[in-house]
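Derivation of every value follows stated rules applied to the coordinates shown; laboratory data play no part. A quick note: this is a predicted structure, and the numbers were derived from the prediction, not measured. We place every Cβ from the backbone using ideal geometry, glycine too, and count neighbours over all the protein chains shown.
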Amino acid sequence: MLVYRIAKDRYIRDLTGTGAKLYGGRWNPKGYAMLYTSENKSLAALEVLVHLSPGTVPDDLTIATLRLPDDELRSYEGEVLVSPGSREPEHRFLAQAGKAWLDSRACLAWKVPSVLIPGEHNILINPLHPAANDISIEMLEPFTFDERFFIR
């Protein structure tokens, strides 16, 4: 299975989930390593774009195409509740679900629904799973956003 990840050039080869461990994320609490990837390049780009500060135009990004073992993927079966006003209760619930998944080491990768694009998915990777050694970087390419994303 191929998945996609966009990161700053200096971090793109780091598949240890250190950034998520330091700061936490939608699917992991702070202190738990997790690698966030997407099932396609466009979703990977949106996942980066939504977190950029206004006026920030990154010029040091790379997109990685990663190959995962096909037999190490499971799908999240729970519900993702998105409330327009506040995402805190949902965020804490999903981070705890992710923590339980990480602790179980049931599989290398977990297919979860995208909040940004309903019907599309992100692929979460447990870097502490034994099969993490089987992840290969198939391709690295410079990545830039079209400048029209930043014109308002």
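Below is a table of values for the structure above.
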| item | result |
| --- | --- |
| Among 97-110, 41-54, the order from most to least packed when residues are scored by Cβ within 10 Å on average | 97-110, 41-54 |
| Spherically averaged projected area of region 2-142 from its Cα convex hull (nm²) | 8.4 nm² |
| Chain lengthening between S136 and Q96 when straightened (0.36 nm per residue, less Cα-Cα) | 11.6 nm |
| Pairwise FRET efficiency - D9 versus F149, Cβ, R0 = 22 Å, nearest 0.05 | 0.70 |
| Two-site FRET efficiency, D103 against S42, from Cβ-Cβ distance with R₀ of 22 Å, rounded to 0.05 | 0.10 |
| Net charge, L2 excluded, C-beta distance under 14 Å - Lys, Arg +1, Asp, Glu -1 | -2 |
| Relative contact order (percent, whole number), region 2-142, Cα cutoff 8 Å, 6+ residue spacing | 33 percent |
| DSSP beta bridge pairing in region 2-142, given as percent antiparallel to the nearest 5 | 90 percent |
| Label-zone membership for region 93-128, site T16, 7 angstrom Cα→C-beta point, backbone N under 16 Å | 126-128 |
